[in-house]
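Right, one structure below, let's go through it.
The values are calculated or read from the model by the stated rules, or taken from the named source; none is laboratory data. Worth saying up front: this structure is predicted, and the values here are computed from it rather than measured. In this analysis, Cβ positions are derived from the backbone assuming ideal geometry, glycine residues included, and neighbour counts consider all displayed protein chains.
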Amino acid sequence: MASLKELKGRIASVKSTQKITKAKQMVAAAKLRKAQAAAEAARPYSARLERVVASLAATVGGGEGASPLMAGTGKDDVHLLVVANSDRGLAGAFNANIVKAAAAKAKALISEGKTVQFYLIGRKGRPVINRTFPGMIVAQYDTTGAKAPGYDQAQAIATELTDMFLAGKFDVAHLFYSTFKSALAQIPTEQQIIPVKIPVDAAAAGNATVEYEPDEETILADLLPRNVAIQIFKALLENMASEQGASMTAMDNATRNAGDLINNLTIQYNRSRQAAITTELIEIIAGAEAL
């Protein structure tokens, strides 16, 4: 059994930890509202741009002269998995769930005989992916950690991915991130960003009589790289909101668990102290009777 001094030290240590988790919970709660608003504001724009690009792509078609970002390379042998994680931990299973979804996709592609490569955004997913898929990480990008992600980051990532694609380093790019639903629910999401994926109903939507100036090919050539950047920017914003929600929930649970542990240790300390006092009283009484 632990001594009174050891129990007292453990109680003080857990209380210090509880203060840290409580502070982290409050910080995450303060950041969550702003991050959630940014993520929700980006959704309509990214979804609308994706529909416009799909409609134009269905109208133009993937014939000769079409942009490689739309037509692709004509094969799907090499797949690049763009995995967006955070630079910081203490966010529950937020990073683990994204990595798990990407790993499942990688194993499925490998079983089909495809070549898989990883482009990692953020630092938290690197150790697991590097251990599970050694030698498959071709590029890495560090986010800004506690700061809100900016469009310039998404633009830099999109430019690098586009250059890699045009250089023939991969055929298809899949983006993995976490879609924010609530502080308790974040959904790992997969999205194909290169080449652009045309929905089945896009051709029907593209049959509307619309005049474009300049022509559709010119507009599409400008929108396709921008669409890649916007989809990555949306993923970064969704990740930021999901990270803060997961962090707030995890730190709330940690604070509660610390409180329960403090109560249990306090009960154990009081019992040990009472036992020590009782033992001393028995010794005093026994000594008095001996006299």
Completion exercise
All conditions in (1) surrounded by 14 or more Cβ atoms within 10 Å (Cβ to Cβ); (2) more than 29 Å from His174 (Cα to Cα); (3) of a type in the set (A, V, I, L, M) are true of Ala2 except (1)
Exercise for the section: Only one of these is within 30 Å of Leu224 (Cβ to Cβ) and either touching a residue at least 24 places away in the same chain (Cβ under 8 Å) or not assigned by TED's automatic domain parsing to the domain that holds Glu238 (or both): Ala91, Ala101, Ala47. Name it. Expected result: Ala101
Problem - Where Leu56 falls short, out of the listed (1) surrounded by 15 or more Cβ atoms within 10 Å (Cβ to Cβ); (2) under 18 Å from the mean Cα position of the chain (by Cα) - result: (2)
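So that you can scan it fast, the table gives a plain yes or no per residue for (1) modelled with pLDDT under 85; (2) assigned to a helix (DSSP H, G or I):
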{"site": "Val14", "(1), (2)": "no, yes"}
{"site": "Lys24", "(1), (2)": "no, yes"}
{"site": "Glu40", "(1), (2)": "no, yes"}
{"site": "Ala54", "(1), (2)": "yes, yes"}
{"site": "Thr59", "(1), (2)": "yes, yes"}
{"site": "Leu69", "(1), (2)": "yes, yes"}
{"site": "Ser86", "(1), (2)": "no, no"}
Handout entry: Residues of the stretch 187-244 classified as modelled with pLDDT of 75 or more and out of contact with any helix residue (DSSP H, G or I) (no Cβ under 7 Å at 6 or more places or on another chain), total
Key = 10
Exercise for the section: Go through the residues of the stretch 261-272 one by one and say whether even a single one is closer than 17 Å to Ala185 by Cα and part of a helix (DSSP H, G or I). Expected result: no
Completion exercise
Of Gly92, Gly65, the only residue that is exposed (fewer than 15 other Cβ atoms within 10 Å of the Cβ), modelled with pLDDT under 85 and either part of a loop (DSSP other than H, G, I, E, B) or in contact with a helix residue (DSSP H, G or I) (Cβ under 9 Å, 6 or more places away or on another chain) (or both) is Gly65
Handout entry: Condition check for Glu40: surrounded by fewer than 17 Cβ atoms within 10 Å (Cβ to Cβ), acidic (Asp, Glu) and either more than 23 Å from Pro195 (Cβ to Cβ) or touching a helix residue (DSSP H, G or I) at 6+ places or on another chain (Cβ under 7 Å) (or both)
Key = yes
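Restrict the check to the stretch 22-38 and report whether at least one residue is β-branched (Val, Ile, Thr) and outside the structural domain of Ala154 (by TED's automatic domain parsing). I'd like the intermediate steps shown before the answer.
First, the residues of the stretch 22-38 that are β-branched (Val, Ile, Thr): 27.
Of the ones still in play, those that are also outside the structural domain of Ala154 (by TED's automatic domain parsing) are 27.
Taking every residue of the stretch 22-38 in turn, at least one turns out to be β-branched (Val, Ile, Thr) and outside the structural domain of Ala154 (by TED's automatic domain parsing).
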